[in-house]
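Enquirer: Before I ask anything, let me first share the structure, which is written out below as structure tokens.
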Protein chains: 2
Amino acid sequence: MNIGQASRASGVNAKMIRYYESIALLPEAARKDSGYRDYDEADVHRLVFVRRARDLGFSIDRIRDLLDLWNDRARGNADVRAVANAHITELQAQAQKLEGMIGTLQHLVKSCRGENRAECPIMADLSGGQVAPHYAANLAKTQRRLISVAKPSHIARFRK
Amino acid sequence: MNIGQASRASGVNAKMIRYYESIALLPEAARKDSGYRDYDEADVHRLVFVRRARDLGFSIDRIRDLLDLWNDRARGNADVRAVANAHITELQAQAQKLEGMIGTLQHLVKSCRGENRAECPIMADLSGGQVAPHYAANLAKTQRRLISVAKPSHIARFRK
DNA sequence: TCTAGACCTTCCCATGATAGGAAGGTCAAC
DNA sequence: GTTGACCTTCCTATCATGGGAAGGTCTAGA
């Protein structure tokens, strides 16, 4: 199986396959006499694994851990859950930051009606330096809302 | 005002100030006889503007637009709202993706109880290639939830 | 057998925002 | 005058991805 076929079968770009090999995320591929890389079903399976993990936002280093766990069948589910939970925590932090930004911007846009420049707080807020009162209030509000969405108390049950 | 003082006053790293100047996000700074960059209050004000916009997740290119709007007081609030709304839409897309990933992972972790490897779907799901039924169902669920959180119908009123 | 073109190889470069560091010049205080 | 804080430019790296050049290999058809 050439790299192109492995790429189509796994959904991982050929360029990325070579890159993953170069950073030792994947073992060195077998080679044909021509020098072409040669893949089999197991290789494709591993590529699919990597692609799925990337789709779920795992970093390359985290995927390294997951592949180790995958290769070592003796390792328990707790290890797997620990990696997944660490990743969930990271994603939640990102989501919280995003929701805070969205909430603040929505509030600013909502407060900016009409065409009178003086009445639009967006520019004023951006250039204000310190956090304007409505911004602080809105930030706290969106964070509370985000927390209720993410339900960390619920997640805590799964934390290592 | 040296770059260090401007940095402390604005909260923008000196390295970043030079970078922003090099990509023409900021005008070339005035120079003292020594060659040192020389900033005044207006410069600091602009730096604060950039920092606040970065904090809100605006890209450099979007900040370029915002600075143009800022410099051109004749432009109306609708222009400002348009930039902000475009950014909100981008942030919501990111948030939606994140929430989907979080939901999927939470579901997988929840389904992975005990220590029997066979009972843990995380690895199976990652290596599965196609989306497992519970993944698809969960994805749809988290997306609905995210949509209700982000309230796009509400935002639509402010779209250009 | 020759050739076209699809595919492969390695190597270099670019992205965006940020940061570290080297080598050397300037300033202020003691 | 010296020390140390600060400044300058220039080079490098990050992470994951992708574009492209220059050149080798394979396969199908004339």
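The values are calculated or read from the model by the stated rules, or taken from the named source; none is laboratory data. Note that this is a predicted model, so its numbers are computed, not measured. A quick note on method: Cβ atoms are made from the backbone with ideal geometry, for glycine too, and the neighbour counts reach across all protein chains shown. The accessibility values were calculated without ligands, DNA or RNA, using every heavy atom of the protein model including side chains. Shrake-Rupley method; radii C 1.70, N 1.55, O 1.52, S 1.80 Å.
Enquirer: So which residues in region B:34-55 are more than 11 Å from DNA strand D (Cβ to nearest atom) and open to solvent by 30 Å² or more (accessible area, probe 1.4 Å), if there are any at all?
Expert: Those that are more than 11 Å from DNA strand D (Cβ to nearest atom) and open to solvent by 30 Å² or more (accessible area, probe 1.4 Å): B:Asp40, B:Glu41, B:Ala42, B:Asp43, B:His45, B:Arg46, B:Arg51, B:Arg54, B:Asp55.
Enquirer: Restricting to region B:1-33, count the residues that are farther than 24 Å from B:Ser59 by Cα, open to solvent by less than 80 Å² (accessible area, probe 1.4 Å) and either more than 8 Å from DNA strand D (Cβ to nearest atom) or aromatic (Phe, Trp, Tyr) (or both).
Expert: Looking only at that region, the number is 3.
Enquirer: Among the residues of region B:60-69, what is the count of those that are without any contact (Cβ under 8 Å) to a residue 24 or more places away in the chain, closer than 20 Å to A:Met101 by Cα and open to solvent by 20 Å² or more (accessible area, probe 1.4 Å)?
Expert: Counting residues in region B:60-69 that are without any contact (Cβ under 8 Å) to a residue 24 or more places away in the chain, closer than 20 Å to A:Met101 by Cα and open to solvent by 20 Å² or more (accessible area, probe 1.4 Å) gives 2.
Residue-by-condition table, conditions (1) at the interface with another protein chain (Cβ under 7 Å from one of its Cβ atoms); (2) over 30 Å from A:Arg54 (Cβ atoms); (3) not aromatic (Phe, Trp, Tyr):
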site	(1), (2), (3)
B:Val44	no, yes, yes
B:Val48	yes, yes, yes
B:Ile60	no, no, yes
B:Ala74	no, yes, yes
B:Asn77	yes, yes, yes
B:Val83	no, yes, yes
B:Gln96	no, no, yes
B:Arg113	no, no, yes
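Enquirer: On the given criteria, is A:Gln106 modelled with pLDDT of 70 or more, farther than 15 Å from B:Asn77 by Cβ and more than 8 Å from chain B (Cβ to nearest Cβ)?
Expert: No: the conditions fail for A:Gln106.
Enquirer: Determine if region A:79-87 includes at least one residue that is over 25 Å from B:Gly100 (Cα atoms), surrounded by fewer than 17 Cβ atoms within 10 Å (Cβ to Cβ) and at pLDDT below 90.
Expert: Within region A:79-87, none of the residues are over 25 Å from B:Gly100 (Cα atoms), surrounded by fewer than 17 Cβ atoms within 10 Å (Cβ to Cβ) and at pLDDT below 90.
Enquirer: Looking at region B:1-105, what helices (runs of 4 or more DSSP H) fall wholly within it and have at least 2 residues that are away from DNA strand C (no atom under 16 Å from the Cβ)?
Expert: Once the helices (runs of 4 or more DSSP H) in region B:1-105 are filtered for at least 2 residues that are away from DNA strand C (no atom under 16 Å from the Cβ), what remains is B:41-55, B:60-71.
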